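A short write-up of the structure that comes next.
The values are calculated or read from the model by the stated rules, or taken from the named source; none is laboratory data. No experiment lies behind these values; they were computed from the predicted model shown. Here the Cβ is made from the backbone with ideal geometry for all residues, glycine too, and neighbour counts use every protein chain on show. Ligands, DNA and RNA are stripped out before the accessible areas are found, and what is left, the full protein with its side chains, is counted by its heavy atoms. Shrake-Rupley method; radii C 1.70, N 1.55, O 1.52, S 1.80 Å.
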Protein chains: 2
Amino acid sequence: MVTVPPRMIDVAKRADVALSTVSYALNGTRPVSASTRRRIMRAMEELGYRPNALARGLASKRTRILALLFPTPERGLGVTEMEFVTGAADAAREHGYHLMLAPSELRDIHELEHLTGQGLIDGALVMEVRLDDERVDLLGQAGLPFSMIGRTSDPGTISYADIDFEQTTRDAIAHLMELGHRCVGFLNHSPSALSVGYGPTVRAAEGFRRAASDAGIAHIERPCGDNAAAGKAAFHELRASSPELTALVVMNERAVIGVMNALDEISWRVPDDFSIVSIVSSTRVTEMMRPQLTTLEPPSTELGRLGVQILLDQLERPHDEPLPPTQKLLPCRLVVGASSGPPPAR
Amino acid sequence: MVTVPPRMIDVAKRADVALSTVSYALNGTRPVSASTRRRIMRAMEELGYRPNALARGLASKRTRILALLFPTPERGLGVTEMEFVTGAADAAREHGYHLMLAPSELRDIHELEHLTGQGLIDGALVMEVRLDDERVDLLGQAGLPFSMIGRTSDPGTISYADIDFEQTTRDAIAHLMELGHRCVGFLNHSPSALSVGYGPTVRAAEGFRRAASDAGIAHIERPCGDNAAAGKAAFHELRASSPELTALVVMNERAVIGVMNALDEISWRVPDDFSIVSIVSSTRVTEMMRPQLTTLEPPSTELGRLGVQILLDQLERPHDEPLPPTQKLLPCRLVVGASSGPPPAR
DNA sequence: TTGTAAGCGTTATCAA
DNA sequence: TTGATAACGCTTACAA
């Protein structure tokens, strides 16, 4: 047995008012007398009425659907990215919006064009932003409101929420310097992430360079493949070229285990012989390591939520008041583990 | 400058055909002569036409949008869940569908009612299923097509893709027995997961019980909070009550580190003094541990994809041919690490 | 093979 | 404060 869902006209008849009055009562777009409203509400209850989102969207040109653009890199997304997603989904729901997943890979930039043209979404949230990101350009041209988790090299008036990489690298170095380190290396993400201009990779490198230089300490940096083997090799190379190194700041969750293994190989203990700080990395992962890594953990869920809020601020503003963009940088939180200690007296 | 997007009628005029002909050409719902089609396609190109998804959905009653129902447990989702999501999103996209995120917590079962009533989605994919799941009941009543990643205690004719927990626990035990173990314990998820009837928790426990009994070996099982401290405590208790234990099968990614720490405390080495197998757990996580854990890794991405495919099979079948449900159990893959070896000769 | 026109279930304008 | 009614942009009988 298939029953047809009740429509607005059914509610109107039952409440003995005009169709439009029901609409106004529902949206509060126009004053409706208390008694009429009551009758309407009652009729809705009794019929189990649910407004049809499609019809509403077609007529009003607003769907209350947001798209979340996320590329799926070969090796998959991690805990941090999952938290962006759940944070964003949660915030959207709280504001009465839906979040649609739009997996966007390089090749389907025109799938994105498809998305924007469909009239299906009110706005978009862009994840995993590159310094020069064609998705961002496209959204701009399409005239679709959007915000970023991350940012391009020149965000202009685009709203975003991003991690404060300068601050994060500075905090990492400060933590190590307080412990007495004077020669700290930086192990970054892969060369390819660097060369495609993946925001976090580039900004962390710059931040580290700046922070080390400001602190007046030597620093060595290196990109590194996102896997244990690359991490191990990178450590051995770094040590060979810079034997005075006493600590490493690592922004590469997959490589850091390789560094630990490399240390094992030469029988160095952490943190007695060498210190490690994992930055922009979830404690959910670094807690699993022994010794538990000192971590600068990004506020991922918060960033996801913020990205949505920023977007909705734009969307819900009347079109004639443009509203200046919201651009926020959030710091990572230092979680001191057992992987950082005073440098050895070699 | 705001330009209005072209509509179907614009295409029709430009190609000098009727509006409906454009529609038929677009959907292939009715034969259209090659030349007419060409003219239409050309007009679309020239105008940069994109069909309006809302109007299409309103008229056809099909939106090509799927909902992904996932609850967000207090402590967040892990890598495995992220892979469900990306797998599902990917599969949906390949079939020309969108995936909408529907974070559903216990309390908002009526938000779910809202979702189903909106006419916004063609079907749903339910994640994190419990043996007795009210979301499943509700979807059934709402008459919305859906499939599950996981399954209820009695799936009936509902399609699903799930992990084969029987097989997985059997494989874990077999691996340990081959190494010579004869007394293997099982560390499960939290008591609360067990008591709310979370599918994997209950099924893995049953599977383990059965597999151990079939293998004719002693077995001890215990639920355990999802954190390191609980894991450590659980190990000490297990050892106290069953000193003959030589290995542990663990289905608790967050607790397993606690077990390792507990072993450290009593100076037992893995795998020389004690073996560990982590089941239904991503190698992306267990690779980070030292020694790298022997793992039974679930085919998460595959499950996500499969869940969508199964759902689409139902959706795209003509309504008069019901189609028997697809119910699939996928095995986990054994990845032998360095945490399992022969039992000690104590 | 193509055209005509009646919906789909809302919103929002124009009157009253 | 309320009512009629024309969009919204498309699908799909029904006709030709």
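The table below lists the values:
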item: Given (1) touching a Lys or Arg at 6+ places or on another chain (Cβ under 8 Å); (2) open to solvent by 10 Å² or more (accessible area, probe 1.4 Å), number of the condition B:Gly140 does not satisfy; result: (1)
item: Test: residue in the range A:30-39 that is facing chain B (nearest Cβ under 9 Å) and of a type in the set (A, V, I, L, M); result: no
item: Some residue of the range B:132-139 being in contact with an Asp or Glu (Cβ under 9 Å, 6 or more places away or on another chain), within 27 Å of B:Glu253 (Cα to Cα) and of a type in the set (A, V, I, L, M); result: no
item: Criterion: surrounded by fewer than 19 Cβ atoms within 10 Å (Cβ to Cβ), facing another protein chain (nearest Cβ under 10 Å) and either within 16 Å of DNA strand D (Cβ to nearest atom) or closer than 23 Å to B:Ser104 by Cα (or both) - qualifying residue of A:Ala59, A:Ala92; result: A:Ala59
item: Output for the range B:336-346, where each listed residue is open to solvent by 30 Å² or more (accessible area, probe 1.4 Å) and touching a helix residue (DSSP H, G or I) at 6+ places or on another chain (Cβ under 8 Å); result: B:Val336
item: Options B:Glu81, B:Glu74: the member that is touching a residue at least 24 places away in the same chain (Cβ under 8 Å), more than 16 Å from DNA strand D (Cβ to nearest atom) and of a type in the set (D, E, K, R); result: B:Glu81
item: A:Ser190 being surrounded by fewer than 17 Cβ atoms within 10 Å (Cβ to Cβ) and among the polar types (S, T, N, Q); result: no
item: The lone exception for B:Pro324 - which of (1) more than 14 Å from chain A (Cβ to nearest Cβ); (2) crowded, with 22+ Cβ neighbours inside 10 Å it fails; result: (2)
item: Residue list for the range B:266-290, filter: away from chain A (no Cβ under 12 Å) and modelled with pLDDT under 95; result: none
item: Filter pass, A:Val4 being more than 9 Å from DNA strand D (Cβ to nearest atom) and open to solvent by 70 Å² or more (accessible area, probe 1.4 Å); result: yes
item: Candidate set from the range A:43-56 (those that are touching a helix residue (DSSP H, G or I) at 6+ places or on another chain (Cβ under 6 Å) and open to solvent by less than 30 Å² (accessible area, probe 1.4 Å)); member that is farthest from the other protein chains (Cβ to nearest Cβ); result: A:Ala43
item: B:Thr157 more than 16 Å from the chain's Cα centre (by Cα) and either within 13 Å of another protein chain (Cβ to nearest Cβ) or more than 22 Å from A:Gly78 (Cα to Cα) (or both); result: yes
item: Those residues of the range A:128-156 which are in a loop (DSSP other than H, G, I, E, B) and closer than 29 Å to A:Glu206 by Cβ, in sequence order; result: A:Glu128, A:Val129, A:Leu131, A:Asp132, A:Asp133, A:Gly150, A:Arg151, A:Thr152, A:Ser153, A:Asp154, A:Pro155, A:Gly156
item: Close pairs (7 angstrom Cβ cut-off, 6 or more residues apart or separate chains): aliphatic (A, V, I, L, M) in the range A:40-60, assigned to a loop (DSSP other than H, G, I, E, B) and more than 13 Å from DNA strand D (Cβ to nearest atom) anywhere; result: A:Leu47/A:Pro6; A:Ala53/B:Gln118; A:Ala53/B:Leu120; A:Leu54/B:Leu120
item: Positions within the range A:143-154 being open to solvent by 50 Å² or more (accessible area, probe 1.4 Å) and either among the basic types (Lys, Arg) or within 14 Å of chain B (Cβ to nearest Cβ) (or both), in sequence order; result: A:Gly143
item: From A:Ala234, A:Ala161, residue being in contact (Cβ under 8 Å) with a residue 12 or more places away in the chain, touching a Leu at 6+ places or on another chain (Cβ under 9 Å) and assigned to a strand (DSSP E or B); result: A:Ala161
item: Some residue of the range A:183-191 being under 15 Å from A:Ile217 (Cβ atoms), touching a Ser or Thr at 6+ places or on another chain (Cβ under 7 Å) and not in a strand (DSSP E or B); result: no
item: Residues of the range B:69-79 satisfying the condition of being open to solvent by less than 20 Å² (accessible area, probe 1.4 Å) and either out of contact with any strand residue (DSSP E or B) (no Cβ under 7 Å at 6 or more places or on another chain) or outside the structural domain of B:Ile109 (by TED's automatic domain parsing) (or both); result: B:Leu77, B:Gly78, B:Val79
item: B:Val196 vs. criteria open to solvent by 10 Å² or more (accessible area, probe 1.4 Å), among the β-branched types (Val, Ile, Thr) and closer than 27 Å to B:Asn227 by Cα; result: yes
item: Selection count where residues are at pLDDT below 95 and open to solvent by less than 20 Å² (accessible area, probe 1.4 Å), scope the range B:116-126; result: 0
item: Filtered residue count, the range B:10-42, keeping only those that are touching a helix residue (DSSP H, G or I) at 6+ places or on another chain (Cβ under 6 Å) and open to solvent by 60 Å² or more (accessible area, probe 1.4 Å); result: 5
item: Check on A:Thr86, crowded, with 22+ Cβ neighbours inside 10 Å, touching an Asp or Glu at 6+ places or on another chain (Cβ under 7 Å) and within 11 Å of chain B (Cβ to nearest Cβ); result: no
item: From the options B:Leu99, B:Leu139, B:Leu54, residue that is in the same structural domain as B:Thr326 (by TED's automatic domain parsing) and touching a Ser or Thr at 6+ places or on another chain (Cβ under 9 Å); result: B:Leu139
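Yes/no per residue for (1) out of contact with any strand residue (DSSP E or B) (no Cβ under 9 Å at 6 or more places or on another chain); (2) modelled with pLDDT of 95 or more; (3) aromatic (Phe, Trp, Tyr):
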site: B:Asp133; (1), (2), (3): no, no, no
site: B:Gly140; (1), (2), (3): no, no, no
site: B:Met148; (1), (2), (3): no, yes, no
site: B:Glu166; (1), (2), (3): no, yes, no
site: B:Arg170; (1), (2), (3): yes, yes, no
site: B:Met177; (1), (2), (3): no, yes, no
site: B:Val184; (1), (2), (3): no, yes, no
site: B:Ala205; (1), (2), (3): no, yes, no
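Per-residue answers, yes or no, for (1) of a type in the set (D, E, K, R); (2) more than 18 Å from A:Gly117 (Cα to Cα); (3) away from DNA strand C (no atom under 15 Å from the Cβ):
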| residue | (1), (2), (3) |
| --- | --- |
| B:Met8 | no, no, no |
| B:Lys13 | yes, yes, no |
| B:Ser20 | no, yes, no |
| B:Ala25 | no, yes, no |
| B:Thr36 | no, yes, no |
| B:Glu46 | yes, no, yes |
| B:Arg64 | yes, no, yes |
| B:Leu68 | no, yes, yes |
